[in-house]
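Asker: Submitted below is the structure of interest, expressed as structure tokens.
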Amino acid sequence: MIEWKQRGNPGKASGKASGKASGKASGKASGKASSRLVRRWDRAHDPTGGLPLDDLEGLGAALDTVRSPDGAELALVRAGQGGALFVLSHCWTGDHRVWGPVARRLVGAGHRVVLYDQRGHGASTVGARGLVLDALADDLEAVLERVGGCGSGVGGGGSGGGSGGAVVAGHSMGGMAVGALASRDPGRFERLVGAVVLVATSSTLEAKGVRRRTATRVIAHRHLDRAMRRPLLGALLVRDYVGESPVLSHLRAVADTFASTPGPIRAGLLAAMFDMDLRAGVARVSVPVTVVVGSHDKITPPDEARRIKGAITGAELVVVPGAGHMLPIEAPDVVSRLLIQSAGPKPAPPTQSAGPKPAPPIALQRSS
């Protein structure tokens with residue numbers, strides 16, 4: 001028997017009490033379900049060996065800085081000797097370590113890798129041109145010029161035939177930087193680049209009016225930073241970035257790099273991606289191109305990869321079953337094999353053990 005001491009409608013008060021009780025019960029049930037989900041994610045097989053953000057420790061990696069034409073200082077990491085040269089450009093709100101699991105496998109197979117932080121990400125600064133895709137293209141070109149893209153990648157170091165430029169792989173926004181560079185001066189692009197691998201990327205994004213304004217405001221909000229830094233909530237918020245078999249360390253890696261990227265950088269580059277249309281530009285690429293996408297990618301879905309493949313003469317499309325948007329950490333064995341194949345028919349022999357034992361081959365869906 002409850003004795004109501006406040007004035008008012010007893011039925012209304014009873015409803016409030018009942019609502020609070022059911023809300024608490026519902027919250028507890030939801031919390032338990034989320035906890036069970038996270039425990040399952042924590043037990044899932046991790047192809048990165050628990051190191052999705054790999055800084056290439058133990059591989060003799062060297063740090064460098066490249067200055068872009070507008071003054072942006074780009075943090076760069078090199079590792080490996082001999083073989084082909086791979087230049088890896090990372091995603092929006094990531095940093096160079098996202099490519100680390102793939103880079104470790106490439107070095108272990110006897111190749112050289114160059115990773116760098118996109119402007120405003122990781123240890124890189126933003127130059128005078130600000131946050132536009134053309135500036136990202138400038139940055140990539142500056143990196144290629146610094147590391148000697150011409151004559152040192154495809155067909156170099158005994159890794160097969162080709163034009164002699166670096167193999168350039170771009171993940172998500174990194175792929176957009178590749179597309180922006182290719183669209184400006186195809187002839188120069190071909191002198192610097194021997195082959196391209198576009199990983200989980202897009203040639204156009206559409207968001208206008210209220211949707212666009214809301215997206216950029218929300219993405220930059222400090223409350224989102226705090227939410228991403230909470231271990232459970234952050235993992236839940238980025239669930240759609242990965243495929244059908246989430247791994248907790250992958251989700252936390254995505255949330256951590258997101259929160260570490262300043263809000264204005266996130267919003268500025270998101271707006272730049274909303275403005276882009278690289279469809280005509282990517283169609284001008286004449287070097288060999290492989291387009292890779294996860295079958296469960298909700299950020300840049302397979303249909304977008306098919307459009308890119310259809311626009312580029314001779315491009316090959318590879319769909320990774322079950323994978324989502326974060327292919328460099330979800331499927332590093334698959335991505336590294338595709339990169340090595342893109343360098344030519346004679347990959348260099350392994351020189352050292354570098355990284356977890358490769359997973360058995362996955363039945364990829366290919367079309368050309």
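Asker: In region 91-208, which strands (runs of 3 or more DSSP E) lie fully inside it and hold 2 or more residues that are over 24 Å from G49 (Cβ atoms), open to solvent by 10 Å² or more (accessible area, probe 1.4 Å) and modelled with pLDDT of 95 or more?
Answerer: By residue number, no strands (runs of 3 or more DSSP E) qualify.
Asker: Is it the case that R337 is outside any loop (DSSP other than H, G, I, E, B), modelled with pLDDT of 95 or more, open to solvent by 40 Å² or more (accessible area, probe 1.4 Å) and under 19 Å from D46 (Cα atoms)?
Answerer: Numbers: outside any loop (DSSP other than H, G, I, E, B): yes; modelled with pLDDT of 95 or more: yes; open to solvent by 40 Å² or more (accessible area, probe 1.4 Å): yes; under 19 Å from D46 (Cα atoms): yes.
In short, yes.
Asker: Considering region 246-289 alone, what residues qualify as being at pLDDT 95 or above, open to solvent by 20 Å² or more (accessible area, probe 1.4 Å) and not in a helix (DSSP H, G or I)?
Answerer: Across region 246-289, the qualifying residues are P262, P288.
Asker: Continuing with this model, one more query. For region 219-230, which residues satisfy the criterion of being part of a helix (DSSP H, G or I) and either open to solvent by 80 Å² or more (accessible area, probe 1.4 Å) or hydroxyl-bearing (S, T, Y) (or both)? Working first, answer last.
Answerer: First, pick out the residues of region 219-230 that are part of a helix (DSSP H, G or I): 219-220, 222-229.
Hits for region 219-230 are R222, H223, R226, R229.
Asker: For region 52-90, which residues satisfy the criterion of being open to solvent by 40 Å² or more (accessible area, probe 1.4 Å) and either assigned to a strand (DSSP E or B) or touching a Cys at 6+ places or on another chain (Cβ under 7 Å) (or both)?
Answerer: Correct list: A62, L63, D64, T65, R67, E73, R78.
Asker: Looking at (1) without any contact (Cβ under 8 Å) to a residue 40 or more places away in the chain; (2) under 21 Å from D46 (Cβ atoms); (3) open to solvent by 10 Å² or more (accessible area, probe 1.4 Å); (4) not charged (D, E, K, R), which is the only condition L236 fails?
Answerer: Evaluating L236 over (1) without any contact (Cβ under 8 Å) to a residue 40 or more places away in the chain; (2) under 21 Å from D46 (Cβ atoms); (3) open to solvent by 10 Å² or more (accessible area, probe 1.4 Å); (4) not charged (D, E, K, R) leaves (1) as the failure.
Asker: I need a count of the residues in region 234-245 that are part of a loop (DSSP other than H, G, I, E, B) and touching a helix residue (DSSP H, G or I) at 6+ places or on another chain (Cβ under 9 Å).
Answerer: Looking only at that region, the number is 4.
Asker: Give V247, V285, V289 a once-over and let me know the one that is over 18 Å from C91 (Cβ atoms), of a type outside the set (D, E, K, R) and within 19 Å of the chain's Cα centre (by Cα).
Answerer: Among V247, V285, V289, only V289 is over 18 Å from C91 (Cβ atoms), of a type outside the set (D, E, K, R) and within 19 Å of the chain's Cα centre (by Cα).
Asker: Quick one: K298 ticks every box in (1) part of a loop (DSSP other than H, G, I, E, B); (2) surrounded by 19 or more Cβ atoms within 10 Å (Cβ to Cβ); (3) at pLDDT 95 or above bar one, so which box is it?
Answerer: (2)
The values are calculated or read from the model by the stated rules, or taken from the named source; none is laboratory data. Model, not experiment: these values are computed from the prediction. Here the Cβ is made from the backbone with ideal geometry for all residues, glycine too, and neighbour counts use every protein chain on show. Calculation scope for accessible area: heavy atoms of the full protein, side chains included, ligands and nucleic acids excluded. Shrake-Rupley method; radii C 1.70, N 1.55, O 1.52, S 1.80 Å.
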